[in-house]
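Asker: Can you keep this structure in mind? I'll have questions shortly.
The values are calculated or read from the model by the stated rules, or taken from the named source; none is laboratory data. Keep in mind that this is a model prediction, so the values were computed, not measured. Cβ coordinates were reconstructed from backbone atoms using ideal geometry, including for glycine residues, and neighbour counts include every protein chain displayed. Areas reflect the complete protein model, heavy atoms only, side chains present, ligands, DNA and RNA absent. Shrake-Rupley method; radii C 1.70, N 1.55, O 1.52, S 1.80 Å.
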Amino acid sequence: MLSKFRESHPIWFCLAAAVVFMAFGFALSYLLSFIPYFAGEDMMASQVLVIVMETLTSLLMLLVLRQIHRTELVTRRGSSFKNCLLVSLCPLIMSALSLVVQLSVAAEGGEKLRSAGFIAAYVLSMMMVGVSEELMARAVIAETLLEHFGTDSLKNVWKSTAISALIFGLLHLTNMLSVNSVKGVLIQALAAFTGGILYAAIYYRTGNIWVTVLLHGLNDVVAGLGAGVFTYEESVASGIESLGGADWNVLVLPTIEALAGIYLLRKKKLPQLQQCWTGLVESKEVSEKE
């Protein structure tokens, strides 16, 4: 039934998948809040809560993939390792530079780092966010859209990219329900849209969902560092709330990400994308030459 809905109404299916993803997350958050361990303000407990929620949400997305007969997406190799590395080089460099700069600032300020256990839990929680959101936004939504529009023309590929990125960005507006910073939420949503363009481009060029999972998780880890998650000794403002006091120029980096996505999906690379994706749709491993 779900598979037929996906085939006959792909865009509505994508919207429904996004709504179910968010509703499931809100429901989990509400139900888990009744457990004493998660009810307090303990920072470690908050990270464990995220890990539990994102793990369960990931399982939900895997169930959706099973229902639409696309479970092979989580095991397929996609294009060559060399291609995956080259395609993801830009976001990897940006994340590394941002991490180095922020660690340097923290070190110069003499700020005390949190415990190794907390940092490990935080990194794991952000990586699980990457898993759940990429399974939803790329494996379910972006995959569905590209199968629907096809790769016959660059215009069709860009339709899939733009719509998937738009849905991903709009989803982040729901944070207005829980965060008291309209500006912070708007900046996050715009950043999610531009990041969605880049991640969709990388997914389409590589066919490997774990490449975008890694990049997404690393990006969230770096964002957490910028919000003071690793260094503040007392309460920590959420990353979104910290954006509320930032200038709009913080969108410079997300804009660069969008431009990188546009570059990856340039006309010259369409034949390679077509060759790669045709093989992937047929559930075959292919090697894409750069």
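Asker: Restricting attention to helices (runs of 4 or more DSSP H) lying wholly within region 12-101, give those where 2 or more residues are open to solvent by less than 50 Å² (accessible area, probe 1.4 Å).
Answerer: 43-67, 81-87
Asker: Let me ask something additional. Please determine whether any residue of region 191-209 is modelled with pLDDT under 90, assigned to a helix (DSSP H, G or I) and among the charged types (D, E, K, R).
Answerer: Checked against the condition, which is being modelled with pLDDT under 90, assigned to a helix (DSSP H, G or I) and among the charged types (D, E, K, R), region 191-209 yields no hits at all.
Asker: Name the one entry in LYS155, LYS159 that is without any contact (Cβ under 8 Å) to a residue 24 or more places away in the chain, open to solvent by 10 Å² or more (accessible area, probe 1.4 Å), charged (D, E, K, R) and within 25 Å of SER3 (Cβ to Cβ).
Answerer: LYS159
Asker: Name the single residue, out of those in region 247-275 being over 22 Å from the mean Cα position of the chain (by Cα) and either at pLDDT below 75 or buried (at least 17 other Cβ atoms within 10 Å of the Cβ) (or both), that is farthest from HIS69 (Cα to Cα).
Answerer: ASP247
Asker: Restricting the search to region 202-224, which residues are among the small types (Gly, Ala, Ser) and surrounded by fewer than 24 Cβ atoms within 10 Å (Cβ to Cβ)?
Answerer: GLY217, ALA223, GLY224
Asker: Every residue in region 171-201 that is more than 15 Å from VAL129 (Cβ to Cβ), crowded, with 24+ Cβ neighbours inside 10 Å and of a type outside the set (Gly, Ala, Ser), please.
Answerer: The answer is ILE197, LEU198.
Asker: Which condition from (1) under 23 Å from GLN272 (Cβ atoms); (2) over 20 Å from the mean Cα position of the chain (by Cα) is the one that ASN180 breaks?
Answerer: Failing condition for ASN180: (1).
Asker: With respect to ALA227, is the statement that it is within 21 Å of the chain's Cα centre (by Cα), aliphatic (A, V, I, L, M), at pLDDT below 85 and open to solvent by 30 Å² or more (accessible area, probe 1.4 Å) true?
Answerer: no
Asker: Something else now. Quick one: which of LEU243, LEU215, LEU177 is at pLDDT 90 or above and not aromatic (Phe, Trp, Tyr)?
Answerer: When all the criteria are applied, what remains is LEU215.
Asker: Which condition from (1) modelled with pLDDT under 90; (2) surrounded by 14 or more Cβ atoms within 10 Å (Cβ to Cβ); (3) more than 26 Å from SER8 (Cβ to Cβ); (4) touching a Ser or Thr at 6+ places or on another chain (Cβ under 9 Å) is the one that PHE118 breaks?
Answerer: (4)
Asker: Separate question: Within region 202-220, take every residue that is among the β-branched types (Val, Ile, Thr) and farther than 15 Å from SER132 by Cα and give me the one that is farthest from the chain's Cα centre (by Cα).
Answerer: Here the answer is THR206.
Asker: Could you say which residue among GLY196, GLY217 is of a type in the set (Gly, Ala, Ser) and free of Cβ contacts under 8 Å to residues at least 60 places away in the same chain?
Answerer: Every option except GLY196 fails the conditions.
Asker: Something else about it: Just one of GLU233, GLU290 is modelled with pLDDT under 85, in contact with a Leu (Cβ under 9 Å, 6 or more places away or on another chain) and surrounded by fewer than 18 Cβ atoms within 10 Å (Cβ to Cβ); which is it?
Answerer: GLU290
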